[in-house]
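The structure appears right after this line, and notes come after that.
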Amino acid sequence: MAKKPKDTKATASPAPGASGDSAQQKPGRLKQFGMVVRVVHRQSPRTIPIAVGIFLAVAALAVVGGILVGGWLYWGPLGFAVAFLAGFFYFTRATQRIQYQMLDGQLGAAMAVLDNMRGDWTTEPGVSANRQMDVVHRAVGRPGVVLVGEGEPARLKGLIAAEKKKVARVAYNTPIYDLQVGNGESQVPIANLQRQMIKLPRNLDKGEVAELRYRLKALPAAMQMPKGPMPKGARMPKGPKAPGGGGR
C-alpha cells in the first residue's frame, strides 16, 4: 500500500483510551468481508452465484476424478482447496471490477487507487487544483515522479505543466511522468491506472527515491483534501491563506 509523506510537525498525543476506542470501532475482517459481499450483491446480483457455481463445479470434478482414478480421499480435499481458490479468485476480480465502476467519474477516485498501490510508493493528494474541481496528485516511487490528474483535459494540461515546472526545480534530472485519468482520448481509465503505474520503468534505486522525497519536502504543502472519492457536486476546499494576507 502506498505511504503518506511524514508530517514534520509535532502531533498531540492521543487521550488515554483513545487507541482502544478506535480499535473497537474498527470492524473486524469478517465484518468487512460481509460488507463487501453485500455491496457486490447489490451492484451485481449474479457475481456470488457464479462464484459459488465455480466452487461446486471444480469440487465435483475433483471428487469424480478421484473416484475414477482412485485415491479420492487424497483428491477430494485437494480439489476442495483448489475449488475454493478458483471461486474466491473470481469473486475478488469481480469485486475489483465493481469497485472501479463505482469510482469511475468521481473526484478523488484516482487518489483512492494510488493509496492502494503496492510497492514503495509515496502519494501526495491535491498538490495542484482549481475551483473547477480539476486536481493533480503526486506519486513518488522507483520510476521517479508521477503526476496524476483528474478533471477536464484542457484545464488539466495547464495544471500539470505548472506542477511539472515546480517539481523540476527540486527534482533536477529525475524523470517526471504525467497521466490523466478518464475515459477520453489519451486518458487512462480508472480501472487501468494501477497497471499503467506498474508498467513505468524503474529509473531510481531506493537511495535515490529517499533523496527525491527529501528534496520534494521543499515544495509548498498540498491543500487538504477529504479522504476517498468526493460526491458529485461537492466544492473544492479553499487553499490556506498566505500569512499576513488578511488586511489590505
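Since every read-out is calculated from the coordinates, none of them should be taken as a lab result. Model, not experiment: these values are computed from the prediction. With ideal geometry, Cβ positions are generated from the backbone for all residues, glycine too; neighbour counts draw on all protein chains shown.
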- Message: Quick check on my link table: of K165/K199; K31/K217; K166/K206, which ones sit more than 29 Å apart, alpha carbon to alpha carbon?
- Response: K31/K217
- Task: Could you please rank M111, M197, M117, placing first whichever residue has the fewest other Cβ atoms within 10 Å of its Cβ?
- Result: M117, M197, M111
- In debye, nearest 20: dipole of the stretch 109-216 around its Cα centre with unit charges on the Cβ of K, R (+) and D, E (-)? 240 debye
- Query: When you take every Cα atom in the stretch 32-103, what is the radius of gyration, and what is Dmax, the widest Cα pair distance, in Å?
  - Reply: 14.9, 49
- Query: Does the stretch 109-216 classify as rounded, prolate or oblate by the C-alpha gyration tensor (a ≥ b ≥ c root eigenvalues; a/c under 1.5 gives rounded; else a/b over b/c gives prolate, otherwise oblate)?
  - Reply: oblate
- Starting from the stretch 91-173, pick out the chymotrypsin sites (Phe, Trp or Tyr not before Pro) whose DSSP state is loop and whose Cβ has at most 11 other Cβ atoms within 10 Å. Y172
- Computed lengthening from Q32 to I48, 0.36 nm per intervening residue step minus Cα-Cα distance: 4.1 nm
- Task: Tell me the label-point distance for the pair K157, D120, using the 7 Å Cα-to-Cβ offset, in nm and rounded to one decimal.
- Result: 3.7 nm
